[in-house]
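Comments concern the structure below.
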Amino acid sequence: MDRIAGRFTRVEPRRRTRRLVLGLLSDLPRKNCWTIAEWAGDATPDGMQHLLNRAKWDADAVRDDLRDYVAEHLHDDQAVLVVDETGDVKKGSHTVGVQRQYTGTAGRIENSQIAVYLVYAGRRGHAAVDRELYIPRSWTDQPDRSQAAGLSPDTAFATKPELAVRMITRFLDAGHHASWVAGDEVYGGNPKLRAALEARGTGYVLAVARNHEITTQAGKSRADALAKKIPKRAWQKLSAGAGAKGQRFYDWAYIDLPSTAPGHRHLLIRRNRTTGELAYYHCYSPKPVPLATLVRVAGSRWRVEETFQSGKGLAGLDQHQVRRYASWSRWVTLAMLAHAFLAVVRADEHTRQPARDKLIPLTCNEIARLFITLVAQRVHDTAHRLRWSHWRRRHQARSQASLYQRQAAAPT
């Protein structure tokens, strides 16, 4: 909190931000302005809502501080930047960026809001360092709707790979280093993203679909067609990194791809040792690298899923109940900051206290539990709880009365 204190010109929003971040780390079953305000000891949620909506502070500047904090404490010369999106299912049509679209969170097409995140993954840990909200054409084609949700009048449509380029560029232009970028098929199939990374000399291992066309000396071929030509002796059993159930072993092979441009390009193929299912990756490196390095980078992509899971479960990343863009960017930035704090503490604890017999290393879940219990636990009297019960019921009564009035006024 000291690191971001200078981003607030007044003491009130600075102190309230601290309480909000502590609330995001708390063990509340549901985290929003109402529940966090009650937990923090506020009389109403008005102050928390003001902090997210109208208070004077720059969420992008706090994001830059967060990025520096993560890169400093989780520094790794072989770090991987992992890019991926996650969706939040929403009701109605007024929340910024919402439309009916596929989201992996629900596993189907839903009314949802999607954001693209950039995760810094190193040997010491991983945490999100940037975010971009995906704004569909259904919003950018309607300037009045966009402005009502707090978007800039000149907001233009950008694809998810374009948002990824924007975040990676910000990270590298800030003076930080990352040797590799990893992502799924949404990003691997985009030639502009690959070209942007190659122009900066940044290596990548990006997943592609089986029908992805690869240029070889014999012409263009599908990725799955090339995989069929790999001899048995070319496959190697290698681990993609440790998972919840131990090392994740797969069979791997790669094909060198010809190019007149500088650097080295490969098609990397992963084979499941049980089912035989294949996965494909388009790879680039400025210098020659062994197969084990490409496998390590490919395995780093799972870190983004772990970041989403812990960011949502421990820091309320997806529990925002806001409609406007400024409120969304402020909430997710502070949630990312809360999760980054846990990731950094975990990395430091692992350095100072290596794993002992009969004890697994401290996890982010355990660190959050200990921190809130021992350091930041809020204890309130009965009067505070009753005041909040009264406030909630009064607010709900007003909302109910307003709904009945609208229904009565609606034409039959």
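For region 19-33, indicate whether the set of residues that are open to solvent by less than 70 Å² (accessible area, probe 1.4 Å), in contact with a His (Cβ under 8 Å, 6 or more places away or on another chain) and either in contact (Cβ under 8 Å) with a residue 12 or more places away in the chain or farther than 19 Å from A340 by Cβ (or both) is non-empty.
There is at least one residue in region 19-33 that is open to solvent by less than 70 Å² (accessible area, probe 1.4 Å), in contact with a His (Cβ under 8 Å, 6 or more places away or on another chain) and either in contact (Cβ under 8 Å) with a residue 12 or more places away in the chain or farther than 19 Å from A340 by Cβ (or both).
Among the residues of region 98-115, count how many are open to solvent by 10 Å² or more (accessible area, probe 1.4 Å) and either more than 21 Å from T333 (Cα to Cα) or modelled with pLDDT of 95 or more (or both).
Qualifying residue count for the region: 11.
Is it the case that A347 is open to solvent by less than 20 Å² (accessible area, probe 1.4 Å), at pLDDT 85 or above, part of a helix (DSSP H, G or I) and closer than 28 Å to V96 by Cα?
no
Surrounded by fewer than 18 Cβ atoms within 10 Å (Cβ to Cβ) and under 30 Å from R352 (Cα atoms): does that describe R15?
Spelling it out, it is not the case that R15 is surrounded by fewer than 18 Cβ atoms within 10 Å (Cβ to Cβ) and under 30 Å from R352 (Cα atoms).
Restricting attention to region 135-169, and to residues there that are touching a residue at least 60 places away in the same chain (Cβ under 8 Å) and touching a strand residue (DSSP E or B) at 6+ places or on another chain (Cβ under 7 Å), which single residue is nearest to D64 (Cα to Cα)?
M167
If only one of R301, R330 is more than 30 Å from P45 (Cβ to Cβ) and either in contact (Cβ under 8 Å) with a residue 40 or more places away in the chain or in contact with a strand residue (DSSP E or B) (Cβ under 8 Å, 6 or more places away or on another chain) (or both), which one is it?
Of the residues listed, the single one that is more than 30 Å from P45 (Cβ to Cβ) and either in contact (Cβ under 8 Å) with a residue 40 or more places away in the chain or in contact with a strand residue (DSSP E or B) (Cβ under 8 Å, 6 or more places away or on another chain) (or both) is R301.
From the list S399, S327, which one is over 30 Å from S239 (Cα atoms), at pLDDT 95 or above and either open to solvent by less than 70 Å² (accessible area, probe 1.4 Å) or of a type outside the set (A, V, I, L, M) (or both)?
S327
A quick yes/no check of all residues on (1) in a helix (DSSP H, G or I); (2) farther than 21 Å from L66 by Cα; (3) among the hydroxyl-bearing types (S, T, Y); (4) in contact with a helix residue (DSSP H, G or I) (Cβ under 8 Å, 6 or more places away or on another chain):
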{"site": "R3", "(1), (2), (3), (4)": "no, no, no, yes"}
{"site": "R15", "(1), (2), (3), (4)": "yes, no, no, no"}
{"site": "L20", "(1), (2), (3), (4)": "yes, no, no, yes"}
{"site": "D27", "(1), (2), (3), (4)": "no, yes, no, yes"}
{"site": "R30", "(1), (2), (3), (4)": "no, yes, no, no"}
{"site": "W34", "(1), (2), (3), (4)": "yes, yes, no, yes"}
{"site": "A37", "(1), (2), (3), (4)": "yes, yes, no, yes"}
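Of all residues in region 250-283, count the ones that are acidic (D, E) and either open to solvent by less than 60 Å² (accessible area, probe 1.4 Å) or on the phi > 0 side of the Ramachandran plot (or both).
Residues flagged as acidic (D, E) and either open to solvent by less than 60 Å² (accessible area, probe 1.4 Å) or on the phi > 0 side of the Ramachandran plot (or both) within region 250-283 amount to 1.
Check region 79-94 and report whether any residue there is closer than 24 Å to E185 by Cβ, open to solvent by 10 Å² or more (accessible area, probe 1.4 Å) and among the polar types (S, T, N, Q).
Yes, region 79-94 has at least one match.
Just give me the residues in region 378-396 being more than 16 Å from W34 (Cα to Cα), aliphatic (A, V, I, L, M) and in a helix (DSSP H, G or I), in sequence order.
Across region 378-396, the qualifying residue is only A383.
Which residues, counting only those in region 34-72, are closer than 30 Å to G175 by Cα and either open to solvent by 50 Å² or more (accessible area, probe 1.4 Å) or not aliphatic (A, V, I, L, M) (or both)?
Across region 34-72, the qualifying residues are K56, W57, D58, D60, R63, D64, D65, R67, D68, Y69, E72.
Restrict the check to region 316-329 and report whether at least one residue is touching a helix residue (DSSP H, G or I) at 6+ places or on another chain (Cβ under 8 Å), not polar (S, T, N, Q) and not in a loop (DSSP other than H, G, I, E, B).
Yes, there is a match, as at least one residue in region 316-329 is touching a helix residue (DSSP H, G or I) at 6+ places or on another chain (Cβ under 8 Å), not polar (S, T, N, Q) and not in a loop (DSSP other than H, G, I, E, B).
Inspect all residues belonging to region 47-58 and state whether any of them is more than 30 Å from E349 (Cβ to Cβ), free of Cβ contacts under 8 Å to residues at least 40 places away in the same chain and not in a helix (DSSP H, G or I).
So far as region 47-58 goes, yes, one or more of its residues are more than 30 Å from E349 (Cβ to Cβ), free of Cβ contacts under 8 Å to residues at least 40 places away in the same chain and not in a helix (DSSP H, G or I).
Which of the numbered conditions does Y102 fail, given that it passes all the others? Conditions: (1) hydroxyl-bearing (S, T, Y); (2) assigned to a loop (DSSP other than H, G, I, E, B); (3) free of Cβ contacts under 8 Å to residues at least 60 places away in the same chain.
With (1) hydroxyl-bearing (S, T, Y); (2) assigned to a loop (DSSP other than H, G, I, E, B); (3) free of Cβ contacts under 8 Å to residues at least 60 places away in the same chain applied to Y102, the lone miss is (2).
Return the pair list, or none, for Cβ contacts closer than 6 Å from residues in region 200-220 that are of a type in the set (V, I, T) to residues that are part of a strand (DSSP E or B) and surrounded by fewer than 19 Cβ atoms within 10 Å (Cβ to Cβ), at least 6 apart or on different chains.
Within 6 Å, the pairs are I214/S221.
Can you tell me which condition L81 does not meet? The list is (1) outside any loop (DSSP other than H, G, I, E, B); (2) in contact with a His (Cβ under 9 Å, 6 or more places away or on another chain), and all the others hold.
Tallying (1) outside any loop (DSSP other than H, G, I, E, B); (2) in contact with a His (Cβ under 9 Å, 6 or more places away or on another chain), L81 fails exactly one: (2).
The values are calculated or read from the model by the stated rules, or taken from the named source; none is laboratory data. What you see is a predicted model; the values in this text were computed from it and never measured. Cβ: placed from backbone, ideal geometry, glycine included. Neighbour counts: every protein chain shown. Heavy atoms of the whole protein, side chains included, go into the accessibility calculation; ligands, DNA and RNA do not. Shrake-Rupley method; radii C 1.70, N 1.55, O 1.52, S 1.80 Å.
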